[in-house]
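The values are calculated or read from the model by the stated rules, or taken from the named source; none is laboratory data. These figures come from a predicted structure and were not determined experimentally. Note that we place each Cβ from the backbone using ideal geometry, even for glycine, and neighbour counts take in every protein chain shown.
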Amino acid sequence: MHKDGIKHKSSVDFSTPSQSYYVLQQKDCLELLKEIPDESVQLILIDPPYNLDLAEWDKYDNYIDWASAWIRESYRVLSPNGSMVVFGGTQFQNEKSGDLIELIHYCRHNTDFRLVNMVVWYYKNGMSAHRYFANRHEEAIWLTKSSDYYFDLDSVRVPYGEKEMQEALRDKRLVPENVMKGKNPTNVWEIGRLNGNSLERVGHPTQKPLEIIRRFVKALAYPGSVVLDFFAGSGTTGRVCIEENRHCIMCDKDEQSRSFFAKHLKNIEGDMFVHPYIELKGLNAFWEKVSFEPSVSQASEFENQYSANH
Ligand SMILES: C[S@@+](CC[C@H](N)C(=O)[O-])C[C@H]1O[C@@H](n2cnc3c(N)ncnc32)[C@H](O)[C@@H]1O
């Protein structure tokens, strides 16, 4: 909503589905992307490999050549008001390795993507270091195709403490209606890394915390829309989509993904707040069930980039 109460042109009317659908395929990301129709995906949320030798899957001879192929395909499959989120860091090691700086540089000079935010994931629990300052953050970039992107800030606002709320209500620069809804989470998110005995852990070496993925999914994809993660790993994105009523397409070239994802599913088993979810075996079956045109029924209101910071 604009401050004058008029709906922003990026707002979407959607109907919340009674069940969600997902696909999880074992294949190379470029093979999967070829099968996805133009402008059919609302949110692409990926945590790519960066040639850091963390594992066997983390090796590409010419990183940016390879990455440019999936970036191009991502632009094609993304809906006009959609978003792409890419996790990463800035730890390049040699000219063959990749990192987020290289991806940003590539997108800026070779694509029509716009960078909306760089989100800093800050955590207190990290490795110690003696030859450099111990690292306590990673990043994710949020890219869009235009300035008319879907963004539901209200769904991810952070509640004020009681005293903070009273102060914020006295602050003339803030809109009281927004203060009551909670704070803008800002682009620095403090969320603990998963430690060895975290209940969320399903065994993938670079599994992301649910809380980070959930914030992106809720803010950038409306219920019933399609989220794509073509470096699915354990399928954290798929789990969040099921919990938040979004449809999800996932692939990973590693056969272990399926058993990791089975553990995610076990963790949500019996949760009465989770709507029914159904696995579909291929993309044809998926597109038969899932439309990528938003239907007009339940109006929703979305914050735009002109809103106050809180
Ligand atoms: C950083 S991990 C993703 C972890 C995930 N975010 C999670 O929370 O579990 C990257 C994944 O990309 C997969 N991968 C690497 N190259 C790939 C390719 N060309 N196509 C599909 N998957 C690939 C790896 O097998 C690995 O599981």
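Assorted remarks:
- Evaluation of Ser146 against the conditions (1) loosely packed, with under 13 Cβ neighbours inside 10 Å; (2) at pLDDT 95 or above; (3) farther than 30 Å from Ser40 by Cα shows that the sole unmet condition is (3).
- Check on Gly233, closer than 21 Å to Val41 by Cα and in contact with a Cys (Cβ under 7 Å, 6 or more places away or on another chain): no
- Here His275 meets the list (1) touching a residue at least 40 places away in the same chain (Cβ under 8 Å); (2) not in a loop (DSSP other than H, G, I, E, B) almost entirely, failing just condition (2).
- Scanning the stretch 8-22 for residues that are among the hydrophobic types (A, V, I, L, M, F, W, C) and under 19 Å from the mean Cα position of the chain (by Cα) returns a single hit, Val12.
- When the strands (runs of 3 or more DSSP E) confined to the stretch 67-154 are screened for residues that are farther than 23 Å from Lys34 by Cβ and touching a Lys or Arg at 6+ places or on another chain (Cβ under 9 Å), those reaching at least 3 such residues are found at 114-122.
- Residue pairs whose Cβ atoms lie under 6 Å apart, sitting 6 or more positions apart in sequence or on different chains, and linking a residue in the stretch 245-272 that is hydrophobic (A, V, I, L, M, F, W, C) to a partner that is in a helix (DSSP H, G or I) and within 13 Å of the ligand (Cβ to nearest atom), are Cys248/Gly238; Cys248/Cys241; Met250/Gly238; Cys251/Leu32.
- Test for Ile278: is it closer than 15 Å to Ile242 by Cβ and within 16 Å of the ligand (Cβ to nearest atom): no
- Positions within the stretch 204-239 being more than 24 Å from Ala67 (Cβ to Cβ), in contact with a Lys or Arg (Cβ under 8 Å, 6 or more places away or on another chain) and not in a loop (DSSP other than H, G, I, E, B), in sequence order: Leu210
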